[in-house]
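Read-outs: derived from the displayed coordinates by stated rules, not from any lab. Just so we're clear, the structure is a prediction, and the values are computed from it rather than from any experiment. Ideal geometry is used to build each Cβ from the backbone, glycine not excepted, and the neighbour counts take in all protein chains shown.
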Amino acid sequence: MVKVRYFAWVRERIGKAEEDIVLPDEVISVGDLLNWLKERDEGYANALQHPQTIRVAINQEHADHDEPVAGAREIALFPPMTGG
Amino acid sequence: MVKVRYFAWVRERIGKAEEDIVLPDEVISVGDLLNWLKERDEGYANALQHPQTIRVAINQEHADHDEPVAGAREIALFPPMTGG
Amino acid sequence: MAEPVTPTVRVQTEDFDVSAEVAKLTEGRTDVGAIVTFTGLCRDEGGALSALELEHYPGMAEAEISRIAAEAVQRWPLTGLLAIHRYGLMRPGDNIVLVAAASSHRQAAFEAASFVMDFLKTEAPFWKREHHANGEPGAWVDAKEMDDEARARWSR
Amino acid sequence: MAEPVTPTVRVQTEDFDVSAEVAKLTEGRTDVGAIVTFTGLCRDEGGALSALELEHYPGMAEAEISRIAAEAVQRWPLTGLLAIHRYGLMRPGDNIVLVAAASSHRQAAFEAASFVMDFLKTEAPFWKREHHANGEPGAWVDAKEMDDEARARWSR
């Protein structure tokens, strides 16, 4: 089980800030996760319709879409950052 | 007559902060002025022994050594600046 | 330079005072010749905005800014480095972010502060949302390509 | 950007407060997104110095810094620009110079502040002399070739 967190408009479109998810075996990479989540419902589909724009952090470190999700305790999905 | 001002180690070596000088006709350029002053006494010679290192301002604006001194009300001689 | 200094990183709702923060950064030191500060403020975009709302990823925000700051003290001979990023609702004119870099030499201080800001913009998990002049929440601010280009200057 | 702003330039013996100066620079404005400050301080060079004495050319010092500042507000879209240079005797840790540049955009603020400092170092008529730890006046500080190179970056 992994805690998945959402921020900014990803959070708003999915409709929740976080959830615990048991990932199926076929979800190997960050990219797999995004494509799998996208199928869940309209909210996810809307949030993740352009997966390439979604930034991902694993255990609070930035992760590329080809990185494996195995061993993640916490995965966060969010839009490109606009702080500073 | 022109007021000539000296700063930092140029002032110290010449031994005064300023003086009024009547420039002879043969002093046309800033470079001429430096060479002419250098002949005055040991203090001037010491201060101006390397004329190319001396910075000059005419009427409080930086001036190159080939600029004419005609019309100057105030000429200042000083080492390269070290403020900031 | 001996050991790199340990940067100070804070993520907070409270405002900050630039002079007080800089004083702490240089306290008891007589080897600081240059301090560069960057302060980022909330703009009203010509009167269109009443506020900016800043969301952040608690934990990762601190961790990511700390990683950027650690890289900066490795790259430049700094005597001190500070980064503070606020979150919550900011009114026009409010402080949002402060980066202060101290060094014996001005170029190091300028470059380090600029480096931290460029990475903070593109790597630190904060998101800005506009609030319209009528008080309604508006659009999330889009990331700028310019910011990615600014970051790319530093790759080596 | 409409008209360039009018820079504030001061040459004084008194100390300055960075926060207070920056507050004046941005007072009543809501279009300032970024403020970069540079503060130059007196160092003790590893305990060898008790003070730095700063001589200046009254009148020309103000005029020259004003010329540099006027060039900066022409080159970058600034909402405010301030330069203060002190003269007299400075103890280690004392402020010597402050440059603050405000803009809607951070790159303009960083570049303008850095530009003003590079020219101020090489063009503004100030001279530093060291005072040794024993209190005796020492050598005049030599100009640095590095500073001329820093200035040359900006030629266009």
**Request:** Select the strands (runs of 3 or more DSSP E) contained entirely in region D:13-96, then report the ones holding at least 1 residues which are surrounded by fewer than 19 Cβ atoms within 10 Å (Cβ to Cβ).
**Result:** D:49-56, D:88-90
**Message:** Among the numbered criteria (1) surrounded by 16 or more Cβ atoms within 10 Å (Cβ to Cβ); (2) closer than 17 Å to C:ARG106 by Cα, which one does D:ARG106 miss?
**Reply:** (2)
**Request:** Look through region D:117-156, keep the residues that are basic (Lys, Arg) and more than 26 Å from D:ASP44 (Cβ to Cβ), and return whichever of them is farthest from the chain's Cα centre (by Cα).
**Result:** D:ARG156
**Message:** Among the residues in region B:22-43, are any touching a residue at least 40 places away in the same chain (Cβ under 8 Å), touching a Lys or Arg at 6+ places or on another chain (Cβ under 8 Å) and among the hydrophobic types (A, V, I, L, M, F, W, C)?
**Reply:** no
**Asked** Going through region A:48-84 one residue at a time, which ones are over 22 Å from C:ALA61 (Cα atoms) and surrounded by 15 or more Cβ atoms within 10 Å (Cβ to Cβ)?
**Response** A:LEU48, A:PRO51
**Item:** Scan of region A:51-84 for residues that are more than 13 Å from chain C (Cβ to nearest Cβ) and either among the aromatic types (Phe, Trp, Tyr) or in contact with a helix residue (DSSP H, G or I) (Cβ under 6 Å, 6 or more places away or on another chain) (or both), ordered by number
**Value:** A:PRO51, A:HIS65, A:GLU67, A:VAL69
**In region D:73-101, the residues that are out of contact with any helix residue (DSSP H, G or I) (no Cβ under 8 Å at 6 or more places or on another chain), away from chain C (no Cβ under 12 Å) and of a type outside the set (A, V, I, L, M)** = D:GLN74, D:ARG86, D:GLY88
**Complete:** Subset of region C:117-145, residues outside any loop (DSSP other than H, G, I, E, B) and facing another protein chain (nearest Cβ under 7 Å), comes to C:MET117, C:LEU120, C:LYS121, C:THR122, C:GLU123, C:PHE126, C:TRP127, C:LYS128, C:TRP140
**Fill in**
Of D:SER66, D:SER114, D:SER104, the only residue that is at the interface with another protein chain (Cβ under 8 Å from one of its Cβ atoms) and within 15 Å of the chain's Cα centre (by Cα) is D:SER114
**Prompt:** How many residues, within region C:17-63, are more than 7 Å from every other protein chain (Cβ to nearest Cβ) and among the small types (Gly, Ala, Ser)?
**Reply:** 9
**Prompt:** Of the residues that sit in region B:24-47 and are away from chain D (no Cβ under 14 Å) and buried (at least 18 other Cβ atoms within 10 Å of the Cβ), which one is farthest from D:ASP148 (Cα to Cα)?
**Reply:** B:VAL27
**Item:** Count - residues of region A:1-55 that are farther than 19 Å from A:PRO80 by Cα and assigned to a loop (DSSP other than H, G, I, E, B)
**Value:** 11
